[in-house]
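Structure first, commentary second.
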Amino acid sequence: MLGRLKACIYGVVLLISGCDYIPHSAEWALDKQETEQWMSTAENFPAVIDRAFQTHQVVMLGDYHWNEKVMSDYVHLLEQPGFLDEVKHLVVEFGNSRYQKALDDYLNGHSDDASILDKVRRDALFFTAWVPDVYVDFFMVVRRYNLSVADYQRVRVWLAEAPFYWEEVSEVSDWKSAADNKTAGFLNVAHDVMELNEKVLMVFGAFHLLDVSNAPEGVPMPFGTLLKQAYPEQVFTVWPITESLPNSALSSLDEPSLLLTSQPEAKKLLFLDVLPKAKVRLGTYGHQDSSVDELIDGLLYIGESELSTTLPDSVMQDEEWLKEMETRLTIIGGRPLSAFKEMLSNSQP
């Protein structure tokens, strides 16, 4: 039952977002000595991020939807002493920018209406990905910080998704048109924040981070690729390790630790061995045989983790929202709808 449920979660979270997954037989290409050598270069996650900001304007962190341990490590990064004193701009995928002004007011203490944190996430294009409460935790860290400092020291969270109105969606084509053009919205926000010439932390679904600049002509490029092209040498990307094989090989590392893919050992490790289910997606880009150093700048070891298998209580207690979720997914149809229904059933007491 658990395996079947996890497959359903993949259907809601990943099928909706257009990610294609088929199995790949992963292997760990490094021998014991090579693995130990690479691990000896690993450092504490926040320390490496601090150093990355010394040479890059942007650090992009990859989110793995429904794996709350990944996002919780990013929340803890914000909580590190001094981090938000230095990084004043956070650009996130998990929010509809139609609510940017209202979010700014809440995070700066001009409003106490915490319901905006639900509206921001729930009215996003891929609202199913942002259901876990850990995304609220992210916003709340910023609010607490902003209320503790002077106005000029406050942090801004930029919502990267272009304004979208679910109340105007009646057919799947309405939703798909916006989904197909989401990267353009990301880039518009990125250009605005980059012009400020200040440090920027970005959090996006991990596939948006890949550097596939030599992909076949006509294939839509990931956000990370386009950003690196626009701002050469200014973007540092981090992919979270969530699969059992690499986790087992690296299990003696402290959690969380960051491995730089600039190390020679990374050239021997296929990206597919870090995420085997990405075979079709990488094939689209012509990168099925790419090593991790070609696609990403750092690998984040977080230890063993797993996907959430139930809806949070905050959702289960909100009957109106559950009905709205089903209404939207009925428009989209197919596997996402059936997967949601099974998740809902499993979450019943």
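Key figures
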{"item": "Portion, in percent, of the accessible area of the chain that falls on carbon or sulfur, probe 1.4 Å", "result": "47"}
{"item": "Entries in LYS88/LYS323; LYS88/LYS279; LYS182/LYS341; LYS101/LYS341 that, when Cα-Cα distance is taken, lie over 31 Å", "result": "LYS88/LYS323; LYS88/LYS279; LYS101/LYS341"}
{"item": "Residue-level accessible surface for SER314, protein heavy atoms, 1.4 Å, Å²", "result": "50"}
{"item": "Relative contact order [Cα under 8 Å, 6+ residues apart], segment 103-215, whole percent", "result": "22"}
{"item": "Relative packing of 128-136, 51-59, which averages over residues the other C-beta atoms within 10 Å, highest first", "result": "128-136, 51-59"}
{"item": "Amide H within-cut-off set for LEU30, under 5 Å, with H built and near neighbours excluded", "result": "none"}
{"item": "Charge dipole (debye, nearest 20) of segment 123-166; +1 at Cβ of Lys and Arg, -1 at Cβ of Asp and Glu", "result": "220"}
{"item": "Identified option (computed Rg and Dmax of the Cα atoms in Å; candidates (1) 19.7, 58; (2) 21.5, 90; (3) 21.3, 81)", "result": "(1)"}
{"item": "Extreme residue, positive dipole direction of the chain, given options VAL200, LEU84, TYR165 (C-beta unit charges)", "result": "TYR165"}
{"item": "Residue-normalised accessible area of the chain, given per residue in Å² at a 1.4 Å probe", "result": "43"}
{"item": "Mean separation of Cα contacts under 8 Å, 6 or more apart, over the residue count of the chain: relative contact order %", "result": "29"}
{"item": "Shape category assigned to segment 65-137 from the gyration tensor of Cα positions, a/c cut at 1.5", "result": "oblate"}
{"item": "Cα shape, segment 141-197, gyration tensor, a/c 1.5 rule", "result": "oblate"}
{"item": "Point-charge dipole on Cβ atoms (K/R +1, D/E -1) for segment 203-274, about Cα centre, debye to 20", "result": "140"}
{"item": "Antiparallel %, DSSP beta bridges [both residues in the chain], to 5", "result": "25"}
{"item": "Selected from LEU209, SER305, PRO264, residue furthest toward positive end of dipole (the chain; charges at beta carbon)", "result": "LEU209"}
{"item": "Dipole axis of the chain (+1 Lys, Arg; -1 Asp, Glu on Cβ), positive-most option in PHE236, LEU187, MET325", "result": "MET325"}
{"item": "Cα-centre dipole for the chain with unit charges at Cβ (Lys and Arg positive, Asp and Glu negative), debye to 20", "result": "460"}
{"item": "Ordering of 318-329, 251-262 by burial proxy (mean other Cβ atoms within 10 Å per residue, highest first)", "result": "251-262, 318-329"}
{"item": "Note, ³J(HN,Hα) from phi for segment 70-84, Karplus 6.51, -1.76, 1.60, rounded to Hz, x at Gly and Pro", "result": "4, 5, 5, 5, 6, 4, 5, 4, 4, 7, 4, x, x, 4, 6"}
{"item": "Burial order of peptide ranges 119-125, 163-169 (average beta-carbon count within 10 Å, highest first)", "result": "119-125, 163-169"}
{"item": "Whole-angstrom gap from segment 131-196 to segment 301-349, using each part's C-alpha centre", "result": "22"}
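The values are calculated or read from the model by the stated rules, or taken from the named source; none is laboratory data. Everything numeric in this text was worked out from a predicted model, so none of it was measured. Here the Cβ is made from the backbone with ideal geometry for all residues, glycine too, and neighbour counts use every protein chain on show. For accessibility, only protein heavy atoms count, side chains too; no ligands or nucleic acids. Shrake-Rupley method; radii C 1.70, N 1.55, O 1.52, S 1.80 Å.
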